Amino acid sequence: MVFVKLPEPPGDGTTALRFAPDGSSLLASSWDSILRLYGAAPSACALRATLPQPSPLLDCDFVDARTVASGGLDGAVRLSPLDGAGGERVLGEHAGAARCVRRCDAVGALVTAGWDATLKLWDVRAADACVGTYAQPGKVHALCVGAGAAAPPRVVVAAAGRRVDVLDLRMPDEPPLRFESGLRTQARCVAQMASGDGFVLGAVDGRVAIEYFDPSEASQSRKFAFKAHHEAGAGGKPAVAHPVNAVAFHPVHGTFATGGCDGRVNVWDGAAKKRVFQYEKLPTSVAALAFSPNGDTLAIAASYTYEHGERSHPPDALHLHAVADAEVRPKPRAK
């Protein structure tokens with residue numbers, strides 16, 4: 001198993017990893033207020049560009065092949081051209097930190113959510129870019145947009161108090177599907193199934209919940225939660241639960257990877273309720289994950305997330321791994 005370290009990683013707290021739509025490059029945001037662009041092939045992963053920002057960064061995404069968006073602690077949502085032409089543009093602001101940033105190709109919009117308990121839609125081509133503001137049930141901790149051709153353009157928002165909103169971006173003014181997550185503690189990350197059937201939440205108590213959109217009894221009976229990043233206690237000590245910081249679906253096989261504060265990346269087959277693969281332990285928390293668009297590369301951010309407060313910790317590292325099919329393919333079902 002080979003992890004390739006990317007050169008010149010963030011100096012403080014990686015917050016997000018995003019592959020370009022064509023998979024050729026990788027974008028990283030971090031608390032050191034710099035967007036970094038890397039080559040996305042394990043054999044060609046040089047640092048291509050650094051884009052300093054005026055505030056610590058909490059999330060980022062590609063708008064297109066030439067432009068990236070970021071959200072920061074100052075609440076601003078910014079566009080940055082990768083070629084430097086035209087300069088940076090502030091689309092607008094959240095009243096609190098801009099926690100989540102995602103593009104949605106299906107409706108041609110940028111979606112952001114913040115600690116001000118709002119979700120905003122942006123038309124990056126318009127002079128007055130904000131085209132909608134929608135109240136959320138609390139401070140937003142995580143957000144995802146439907147992925148895959150079969151998935152409706154839904155947004156899943158994980159807010160404070162274990163509350164979850166699901167909005168259809170084709171009808172954003174309609175009341176959202178609103179419910180409480182099946183987890184016992186606060187969700188920290190969320191990702192949607194490519195099929196459009198549901199989503200996965202990861203929580204601070206090391207558990208993962210698989211949820212479904214269809215409210216029918218048959219569909220809801222399929223949802224479940226399980227311990228994803230727990231360590232058994234040794235020598236009579238209690239078991240340790242490690243927060244789940246990241247979740248990412250494989251675009252081909254439909255399995256999903258989780259990254260936790262135990263330094264582990266695990267791959268799961270949700271339908272079979274089984275772990276498919278476990279990668280070698282990293283020296284610090286896994287803060288972010290991303291699969292490339294074709295699923296052949298996994299990007300991993302090893303970055304201490306201060307779950308134990310201020311203390312000495314390994315420096316940040318970004319890794320690329322060439323994914324073997326056996327690591328992400330569901331195992332055959334027993335007859």
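Numbers at a glance
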read-out: Residues satisfying the stated conditions in segment 200-252, i.e. farther than 21 Å from Cys189 by Cβ and touching a Leu at 6+ places or on another chain (Cβ under 9 Å); value: Pro215
read-out: Residue list for segment 266-291, filter: surrounded by fewer than 20 Cβ atoms within 10 Å (Cβ to Cβ), of a type in the set (A, V, I, L, M) and either within 16 Å of Ala248 (Cα to Cα) or modelled with pLDDT of 95 or more (or both); value: Ala271
read-out: Strands (runs of 3 or more DSSP E) lying entirely in segment 237-335 (those with 1 or more residues that are free of Cβ contacts under 8 Å to residues at least 60 places away in the same chain); value: 244-249, 256-260, 265-269, 274-278, 286-291, 297-302
read-out: Residues within segment 187-230 that are open to solvent by less than 60 Å² (accessible area, probe 1.4 Å) and either closer than 14 Å to Cys261 by Cβ or assigned to a strand (DSSP E or B) (or both), tallied; value: 25
read-out: Selected residue (criterion: nearest to Leu17 (Cα to Cα)) from residues of segment 292-312 that are over 17 Å from the mean Cα position of the chain (by Cα) and open to solvent by less than 70 Å² (accessible area, probe 1.4 Å); value: Glu307
read-out: Cys261, sole failed condition from (1) farther than 21 Å from Ser30 by Cβ; (2) in contact with an Asp or Glu (Cβ under 7 Å, 6 or more places away or on another chain); (3) not aliphatic (A, V, I, L, M); value: (1)
read-out: Leading residue by the ranking (surrounded by the fewest Cβ atoms within 10 Å (Cβ to Cβ)) among those in segment 118-134 that are among the aliphatic types (A, V, I, L, M) and farther than 16 Å from Val166 by Cβ; value: Ala127
read-out: Residues within segment 25-43 that are at pLDDT 95 or above and open to solvent by 50 Å² or more (accessible area, probe 1.4 Å), tallied; value: 1
read-out: Test result for Ser70, open to solvent by less than 20 Å² (accessible area, probe 1.4 Å), within 23 Å of Thr133 (Cβ to Cβ), assigned to a loop (DSSP other than H, G, I, E, B) and not charged (D, E, K, R); value: no
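Condition check ((1) surrounded by 15 or more Cβ atoms within 10 Å (Cβ to Cβ); (2) among the hydroxyl-bearing types (Ser, Thr, Tyr); (3) in a strand (DSSP E or B)) across all residues:
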| site | (1), (2), (3) |
| --- | --- |
| Ser55 | yes, yes, no |
| Asp74 | yes, no, no |
| Arg78 | yes, no, yes |
| Asp83 | no, no, no |
| Gly87 | no, no, no |
| Gly96 | yes, no, no |
| Arg99 | yes, no, yes |
| Leu110 | yes, no, yes |
| Asp116 | yes, no, no |
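Per-residue answers, yes or no, for (1) out of contact with any Gly (no Cβ under 8 Å at 6 or more places or on another chain); (2) under 21 Å from Ser29 (Cα atoms):
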site	(1), (2)
Ala109	yes, yes
Ala117	no, no
Val124	yes, yes
Ala127	yes, no
Gly132	yes, no
Lys139	no, yes
Ala142	yes, yes
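The values are calculated or read from the model by the stated rules, or taken from the named source; none is laboratory data. The model shown is predicted, which means the values in this text are computed figures rather than measured ones. Glycine also receives a Cβ, built like all others from the backbone with ideal geometry; neighbour counts cover every protein chain displayed. Ligands, DNA and RNA are stripped out before the accessible areas are found, and what is left, the full protein with its side chains, is counted by its heavy atoms. Shrake-Rupley method; radii C 1.70, N 1.55, O 1.52, S 1.80 Å.
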